Every structure is written in structure tokens, then in C-alpha cells.
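**Student:** Before I ask anything, here is the structure I am working with.
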Amino acid sequence: LPIEKRKLAIFCPTTRWPTKNWPLENYFALAEKLKDHFYVIFTGSPDDKAAIDNWITAASPSNVKNLAGSLSLREFFALMSSADLAVTGDSLPMHVASAFGRPLVALFGPTDEALVGPRSENSFVLRADVNCLRCYRRRSCEKDCIGAISIEAVSSAIERVGA
């Protein structure tokens, strides 16, 4: 499909805590899975740009653009306000998508979604069923709660938010 016929998905793969980051490879696999229906824009900090660019160069996806490190906060807000879908960890982008009422799949690991999760009606919090203790560990966690979330579970959650 041409870009203009696809919905816009914003993927925000990184947070300030390594334990809250769903593996970047999973985001890439999800982008590939959604290629017939979504144009995917990756966002993030300048530190995220190289890893995303390397994958784009190797995989040559037809539905992906990397804007990591390229957007001002105001530009990011404007982009998120027009998203048909956002997939994020527990981070500022999650709260921005929620505030704009965008369809949102929020991936949770060590933090408690009851305290810090999105509040919008068309958001879905996803966490793996690994008996996560919501440990709030920033650097490492032996359970790797967020890494246990499957790509299939995220795909199902995307359908649940109506994106």
C-alpha cells in the first residue's frame, strides 16, 4: 500500500530505565508485522538513532521512518497528536499519547501501571504474566518482565485499542 493509505503508528522504544525497555528487536519485528496497514515512525533520543538506522539499512522496510533524535518536544507532541497508534514503554511518550487520547499500547515491566499507567479510555496496558513484583529496579531485573511480553500479545493489544 502507498504511505497515504496506511495508518500512522508511532513507536517509542526507549525509556530512561533499561528495565522498562521492550527489546528493540521486538519493535522491529512488530513494524514488519504491521507493514500492510501502518506506516511506522520510530522516535527517541539521539542515542537511539544509530541502532534504528542500522536495522533500517539492513532490513530495508518500506513502512518505516526513523526520527529518533530529530524532533523537538513541540514537534513530537504534534506528531503524536495525529497518531493512529502509539506503542511505548512507561515513559513520557506514553503519557503524551494518553493525554491526546490516541490508541495506545503501553508496555510495562518493573513499574506499577495502577500508579503510573495511562488514563485514556483507548489505551491498553500490557505486561507479561511472569509474576512480576513491580520491583522498580532501574538497571537490571532477574525476571526481565518486559522482555517476556510477546510480539503476538502486542499485536492482539493493538486490535483491542481499535487501531
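The values are calculated or read from the model by the stated rules, or taken from the named source; none is laboratory data. As the structure is a prediction and not an experimental result, all values here were calculated from the model. Methodologically, a virtual Cβ is constructed for each residue, glycine included, from the backbone with ideal geometry; neighbour enumeration extends over all protein chains shown. For the accessible areas, the whole protein counts, side chains as well, though only heavy atoms, and no ligand, DNA or RNA atoms are used. Shrake-Rupley method; radii C 1.70, N 1.55, O 1.52, S 1.80 Å.
**Student:** Show me, for the stretch 135-147, the HN-Hα J-couplings you get by feeding each phi into the Karplus relation (A = 6.51, B = -1.76, C = 1.60, θ = phi - 60°), rounded to Hz, glycine and proline as x.
**Tutor:** These are the phi-based 3J(HN,Hα) values: 6, 6, 7, 8, 9, 8, 8, 5, 7, 6, 3, 5, x Hz.
**Student:** Something else now. What is the ratio of the Cα radius of gyration of the stretch 79-141 to 2.2 N^0.38 Å, where N is its residue count, to two decimals? Provide the component values of the computation, followed by the final result.
**Tutor:** Values: Rg = 12.0 Å, N = 63, 2.2 N^0.38 = 10.6 Å.
Scaled against compact globular proteins, the figure is 1.13.
**Student:** Could you give the size of the charge dipole of the stretch 1-88 about its Cα centre, using +1 on the Cβ of each K and R and -1 on the Cβ of each D and E, expressed in debye and rounded to the nearest 20?
**Tutor:** Once rounded to the nearest 20, the dipole reads 160 debye.
**Student:** Show Y27, Y39, Y136 ordered by accessible area, largest first, where the area counts protein heavy atoms only and the probe is 1.4 Å.
**Tutor:** Numbers: Y27 0, Y39 40, Y136 90 Å².
I get Y136, Y39, Y27, largest accessible area first.
**Student:** Would you mind working out the magnitude of the charge dipole of the stretch 41-163 relative to its Cα centre, with +1 at each Lys and Arg C-beta and -1 at each Asp and Glu C-beta, to the nearest 20 Debye? Numbers along the way, then the final one.
**Tutor:** Numbers: 12 positive and 14 negative charges, 51 e Å.
Its charge dipole is roughly 240 debye.
**Student:** Still on this model: Tell me, for the chain, which Cys residues have no other cysteine's C-beta sitting closer than 4.7 Å.
**Tutor:** For the chain, the answer is C12, C135, C141, because their Cβ atoms have no other cysteine Cβ under 4.7 Å.
**Student:** Using a 1.4 Å probe, how large is the accessible area of S82, given in Å² and rounded to the nearest 10?
**Tutor:** For S82, solvent-accessible area is about 60 Å².
**Student:** Another one. Given the protein chains as shown and a 1.4 Å probe, how many square angstrom of T57 are accessible, to the nearest 10?
**Tutor:** Its heavy atoms expose roughly 110 Å² to the probe.
**Student:** Expressed as a rounded percentage, what relative contact order does the stretch 15-72 have, with Cα pairs under 8 Å and six or more residues apart?
**Tutor:** Numbers: 47 pairs, mean separation 22.3, N = 58.
Reported relative contact order: 38 percent.
**Student:** Please list, in chain and number order, the residues 5+ apart from Y39 or on another chain whose amide H is under 5 Å from its amide H, with Hs placed from the backbone.
**Tutor:** K7, L8, A9
**Student:** Follow-up. Express in whole angstrom the spacing between the alpha-carbon centres of the stretch 130-159 and the stretch 34-70.
**Tutor:** 22 Å
**Student:** In addition: DSSP loop (so not H, G, I, E, B), at most 12 other Cβ within 10 Å: list which trypsin sites (Lys or Arg not before Pro) in the stretch 64-163 pass both filters. The partial results should precede the final answer.
**Tutor:** Values: sites: K65, R74, R119, R127, R134, R137, R138, R139, K143, R160; in loops: R119, R127, R134, R137, R138, R139, K143.
Passing both the DSSP loop test and the Cβ count: R119, R139.
**Student:** Would you please give the FRET efficiency between L71 and D47, computed as 1/(1 + (r/R0)^6) with r the Cβ-Cβ distance and R0 = 22 Å, to the nearest 0.05?
**Tutor:** Numbers: r = 14 Å, r/R0 = 0.64.
According to the calculation, E is roughly 0.95.
**Student:** Multiplying the sequence separation of S81 and R160 by 0.36 nm and subtracting their Cα-Cα distance, what value in nm do you get?
**Tutor:** 26.5 nm
**Student:** Pairs of lysines 8 or more apart, or on different chains, with alpha carbons under 15 Å: count those in the chain, would you? Could you put the intermediate results ahead of the total?
**Tutor:** Details: K5/K35; K7/K33; K7/K35; K7/K65; K20/K143; K35/K65; K49/K65.
Count of close lysine pairs: 7.
**Student:** Still on this model: Report the full-extension gain for the segment L133 to I56: residue separation times 0.36 nm, less the Cα-Cα distance, to one decimal in nm.
**Tutor:** Working: separation 77, 0.36 × 77 = 27.72 nm, distance 3.53 nm.
Contour length minus Cα-Cα distance gives 24.2 nm.
**Student:** I've got another one for you. Over all alpha-carbon pairs in the chain, figure out the percentage whose distance exceeds 21 Å. Walk me through the intermediate numbers first.
**Tutor:** On the way: 5527 of 13203 pairs.
Roughly 42 percent, once rounded to a whole number.
**Student:** Stick to the Cα atoms of the stretch 25-92, pair each with every other, and give me the Kirkwood hydrodynamic radius in Å at one decimal.
**Tutor:** Values: mean 1/r = 0.0795 Å⁻¹.
Every distinct Cα pair counted, the radius reaches 12.6 Å.
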